[in-house]
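See structure below.
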Amino acid sequence: MIKQWIGKHLYTILSKPVGYSIRRRYVLKAISKLSPCGKFILDAGCGSGGLAFSLSLKYPSARIIGIDIDAVCYQTCLRRKSTLGLDNIDFKLRSLTEELGNNSYDIVYCVDVLEHIREDLKALSNIYKALKPGGYLLIHVPLREKDYVFKKIYLFPKQEDHVREGYTPK
């Protein structure tokens, strides 16, 4: 019982915030190497907009569009945009399985999103079509087979909002 409780709380403390923080730093660093000033950037599956807002604040000459299917996240993003008074960022309530435009974006990033989408290949096709020729695409997805540090303490629960556990590097 105590091992389960410790494992569950270590997972909550270490896995989610640390994982998100690491991914966030990685994505921001990778995008900064692409000279985002003045670029048109798509956050494909923006959630509550954390990465999009970071980019908006750091690169005021960039134009950032965040797209997400979740209405609550969308409303959160709109309120946050209004509170921050940013004019270089917008949000759209839509699915990545819908057309996103053709040759529209210099940079597209999609972080921990595709594992939530049943029609992931259609979403990838739409994302690819939305990129300008010579544009950059940054994707992060979970690996299907993971080796958890705390595996023996607690078996991590399946993420109920995932339609697949992850992807393999093949």
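The values are calculated or read from the model by the stated rules, or taken from the named source; none is laboratory data. Just so it is clear, the model here is predicted, and its values are computed rather than measured. Every residue, glycine as well, gets a Cβ built from its backbone with ideal geometry; the counts of neighbours run over all protein chains shown. Remember, those area values only see protein heavy atoms, side chains included, never the ligands or the DNA or RNA. Shrake-Rupley method; radii C 1.70, N 1.55, O 1.52, S 1.80 Å.
Here Arg79 sits with roughly 140 square angstrom of accessible surface, probe radius 1.4 Å.
The amide H of Leu138, built 1.01 Å from its N in the peptide plane, has Val108, Tyr109, Cys110 as neighbours under 5 Å, considering only residues 5 or more places off or on other chains.
Sorting Val111, Val27 on solvent-accessible area from highest to lowest, probe radius 1.4 Å, gives Val111, Val27.
Rounded to the nearest 20, the size of the Cβ-charge dipole of the range 71-117 about its Cα centre is 300 debye, with Lys and Arg at +1 and Asp and Glu at -1.
Quick one: of Lys29/Lys92; Lys33/Lys92; Lys39/Lys129; Lys81/Lys122, which pairs are farther than 23 Å apart, Cα to Cα? Check vs 23 Å cut-off fails for Lys29/Lys92; Lys33/Lys92; Lys81/Lys122.
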